[in-house]
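Asks: Sharing a structure with you now.
The values are calculated or read from the model by the stated rules, or taken from the named source; none is laboratory data. In this text, all values refer to a predicted model and were calculated from it rather than measured experimentally. Every residue, glycine among them, receives a Cβ derived from its backbone with ideal geometry; neighbour counts consider all protein chains shown. SASA here: full protein model, heavy atoms, side chains in, ligands and nucleic acids out. Shrake-Rupley method; radii C 1.70, N 1.55, O 1.52, S 1.80 Å.
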Amino acid sequence: MKINIIGAGKAGASLAIILNKNPNVELGAICDCNSTQLSILYDKIKAEDFVTSTESLPKADINLILTPDDLIINTCNEISKSMSSGKSTIFAHCSGALPSSALRDVNNNIQLVASIHPIKSFAEPEKAAETFAGTFCGFEGDELAVNKLKDVFKQSGANCFDIDPSKKALYHAAAVLSCNYLNTLIEIGISTYEKAGVNRDIATRIIETISKDTLNNVFLSSPADALTGPISRGDIATISKHLEALSIENDKHLLTVYKMLGLETVSLSENQGMANPDDLNAIKNLLRL
C-alpha cells in the first residue's frame with residue numbers, strides 16, 4: 001500500500017513515523033510547503049521523496065491529507081488537478097470536523113474518499129508514534145476506502161470505529177471539550193492558585209497530582225461516582241465563599257467559568273445522589289448566570 005502524506009505538521013509527522021514502521025506500507029512522498037518541517041523527517045523515516053509542491057507527488061494508493069482544516073479542500077483540488085489518479089486511488093483526510101464527502105465535491109473524478117480521525121494529542125511526533133498503539137481512530141467515507149484505511153491503521157495498533165458524517169462537528173466538539181479545554185481548565189486552576197499567593201511551580205505540581213488522581217477515579221468508576229468537593233456534599237456555605245472571593249477579584253470571566261462549570265457539576269451531584277436535593281437547588285440558584 002503506497003501512501004502519500006500531504007502536510008508535515010505535528011499530526012502529519014506523527015503519522016509518517018507511525019506508517020513508516022508498518023511493513024505493509026510504502027511511503028511515497030511527504031509533502032509540505034515548509035521545507036523546515038520536511039527536514040525534521042529526513043533522518044527519521046524512509047520515503048520515496050520529500051517535496052514542497054503537490055505537483056511533485058508520485059502516484060499512490062492513498063493520498064492522505066493532513067493540512068489544517070481550512071486548507072484541505074484546496075489541497076485536494078491541487079492534487080486532483082496535478083495527477084491523473086486511477087479510480088482505485090483513495091483521497092482521505094484526518095479532520096475530525098470535515099466530512100469525507102467534501103473531497104469528492106472538489107472533483108467528480110475522485111471516486112474513493114474517506115476520513116480517519118485519530119483521537120490523540122500529537123504534541124510531540126516521536127512520542128506520539130511510540131504510544132500510538134491503542135489509539136481510537138474514527139472512520140467514515142466510502143466502504144472500500146474505509147476498509148483499506150482500517151486495515152492499515154489496525155496494523156499500526158489503532159482501535160477503529162465508525163462515525164456518522166452528518167454529526168461530525170458534534171463528534172469533534174466532544175474531543176475539544178475533553179482534551180483541548182482540559183488544558184485551558186488546568187491553566188485557569190494554576191492562575192487562580194497564583195492569585196491566592198501560591199507559587200506557580202508549586203501550583204502546577206498540586207494540580208498534576210490531583211488531576212491524575214481524579215482521572216484515575218473517573219475511569220475506574222464514572223464522572224458522577226468519582227465526584228468529590230463542595231457540590232458533591234451540598235456545601236452551600238463553601239460555594240458562597242468561593243463566589244465572594246471570585247467577585248472580589250473582579251474577574252467576571254473567571255466568575256462566569258466557575259458558575260457555568262458549577263451548574264454542570266450540580267447535575268453530576270444529582271446523579272451521584274449523596275447531597276441533599278434542597279441544598280443542591282440552593283447551590284444552583286447561587287450559580288445562575
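Asks: Would you pick out the residues in segment 122-155 that are at pLDDT below 95 and closer than 29 Å to ARG104 by Cα?
Replies: Within segment 122-155, PHE122 is the sole residue that qualifies.
Asks: Condition first: open to solvent by 30 Å² or more (accessible area, probe 1.4 Å), part of a helix (DSSP H, G or I) and over 27 Å from ASN22 (Cα atoms). Can you find one or more residues in segment 152-166 that meet it?
Replies: Yes - at least one qualifying residue is present in segment 152-166.
Asks: Assess whether ALA102 counts as being over 25 Å from LEU170 (Cα atoms), over 12 Å from the mean Cα position of the chain (by Cα) and not in a strand (DSSP E or B).
Replies: no
Asks: Moving on. Given the condition basic (Lys, Arg) and farther than 16 Å from LEU185 by Cβ, answer yes or no: does some residue in segment 242-258 qualify?
Replies: yes
Asks: Step by step: first the residues of segment 223-261, then only those that are under 32 Å from the mean Cα position of the chain (by Cα) and among the basic types (Lys, Arg), then the one that is surrounded by the most Cβ atoms within 10 Å (Cβ to Cβ). Which residue is that?
Replies: So the residue we want is LYS259.
Asks: Here is a follow-up. Of the numbered conditions (1) closer than 22 Å to SER178 by Cβ; (2) over 14 Å from the mean Cα position of the chain (by Cα); (3) crowded, with 20+ Cβ neighbours inside 10 Å, THR131 satisfies every one except a single condition; which is it?
Replies: Going through (1) closer than 22 Å to SER178 by Cβ; (2) over 14 Å from the mean Cα position of the chain (by Cα); (3) crowded, with 20+ Cβ neighbours inside 10 Å one by one, THR131 breaks only (3).
Asks: Tell me the strands (runs of 3 or more DSSP E) entirely within segment 6-90 that contain at least 2 residues that are over 21 Å from ASP151 (Cβ atoms).
Replies: Qualifying strands (runs of 3 or more DSSP E): 26-31, 49-51.
Asks: How about segment 46-82: which of its residues are acidic (Asp, Glu), surrounded by fewer than 17 Cβ atoms within 10 Å (Cβ to Cβ) and either touching a Gly at 6+ places or on another chain (Cβ under 9 Å) or touching a residue at least 60 places away in the same chain (Cβ under 8 Å) (or both)?
Replies: Matches in segment 46-82: GLU48, ASP49, ASP69.
Asks: Kindly provide the set of residues from segment 135-144 that are in contact with a Phe, Trp or Tyr (Cβ under 8 Å, 6 or more places away or on another chain) and buried (at least 18 other Cβ atoms within 10 Å of the Cβ), ordered by number.
Replies: CYS137, GLY138, PHE139
Asks: If I go through segment 167-222 residue by residue, how many of them are open to solvent by less than 80 Å² (accessible area, probe 1.4 Å) and among the aromatic types (Phe, Trp, Tyr)?
Replies: Total meeting the criteria: 2.
Asks: I would also like to ask the following. Considering only segment 273-289, state which residues are open to solvent by less than 90 Å² (accessible area, probe 1.4 Å) and within 22 Å of GLY189 (Cβ to Cβ).
Replies: ILE283, LEU286, LEU287
Asks: Okay, moving on. With the requirement that a residue be touching an Asp or Glu at 6+ places or on another chain (Cβ under 9 Å) and in contact (Cβ under 8 Å) with a residue 12 or more places away in the chain, what does segment 187-227 give you?
Replies: Within segment 187-227, THR192, LYS195, ALA203, ALA224 qualify.
Asks: Ok, one more. Of the conditions (1) more than 25 Å from the chain's Cα centre (by Cα); (2) closer than 21 Å to PHE132 by Cβ; (3) open to solvent by less than 10 Å² (accessible area, probe 1.4 Å), ASP43 satisfies every one except a single condition; which number is it?
Replies: Only one criterion is unmet by ASP43, namely (3).
Asks: Restricting attention to segment 101-121, and to residues there that are among the hydroxyl-bearing types (Ser, Thr, Tyr) and at pLDDT below 95, which single residue is surrounded by the fewest Cβ atoms within 10 Å (Cβ to Cβ)?
Replies: Looking at the filtered set, the residue picked out is SER101.
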